[in-house]
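Input: a single structure, listed below in structure tokens.
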Amino acid sequence: MSSPATILCFFILLLISAAITVAEKPTVYEVLKQYDFPAGLLPTGVTDYTLNNSTGEFEVMLGETCSFSVDGYDLKYKSTISGVISKDKLRKLKGVSVKLLFIWVDIVEVSRDEDELDFSVGILSAGFDIEGFEESPECGCGFDCNGLEIEGEKKSEVDDLFTY
């Protein structure tokens, strides 16, 4: 028979290992970096994600639809984004779209080529410098959440109501 001290030690070790297992799951932004992508591909506010490490299939949950503008592009993320990730390539993307002229088109693939990210909407693609994706944009306001940037200075949206 086992002594009470041995049983107590076993349960303590079991609780510690369970706590360590829960704490080991990296954030989705850390996962992006493991596949050589910048964190700024996703907006802030991701609530959860799943990843099949053997196939690369993933789902990212935002909790709600997310829209914002960055550098003149209107972007929309559905509450659930899915696809397949591998080093330097996101493919079979579902749930991310960009407005081109007057229509919304799905971004179906993102690939990294050195310091450039190429975004494909099927027959068209566009490349952007990776430096623009170091930070994650916020839903609703992108990178202009604290006001508008005018000639290198921050200007609050309240200032727009007044004439100087």
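The values are calculated or read from the model by the stated rules, or taken from the named source; none is laboratory data. All figures in this text were calculated on a predicted structure; none of them were measured in a lab. Don't worry about glycine lacking a Cβ; one is built from the backbone with ideal geometry, like all the others, and counts go over all protein chains shown.
Points worth noting:
- Some residue of the stretch 50-57 being under 17 Å from S136 (Cβ atoms), modelled with pLDDT of 95 or more and buried (at least 16 other Cβ atoms within 10 Å of the Cβ): no
- Any hit, the stretch 39-53, residues being of a type in the set (A, V, I, L, M), part of a loop (DSSP other than H, G, I, E, B) and out of contact with any helix residue (DSSP H, G or I) (no Cβ under 8 Å at 6 or more places or on another chain): no
- Any hit, the stretch 100-107, residues being of a type in the set (F, W, Y), over 19 Å from C141 (Cβ atoms) and at pLDDT 95 or above: yes
- Of the listed requirements (1) basic (K, R); (2) outside any loop (DSSP other than H, G, I, E, B); (3) free of Cβ contacts under 8 Å to residues at least 24 places away in the same chain, K25 misses just one: (2).
- Candidates K89, K33 - the one that is farther than 19 Å from G142 by Cα and touching a Phe, Trp or Tyr at 6+ places or on another chain (Cβ under 9 Å): K89
- Hey, K78 surrounded by 14 or more Cβ atoms within 10 Å (Cβ to Cβ) and either of a type in the set (S, T, N, Q) or closer than 16 Å to A126 by Cβ (or both) or not: no
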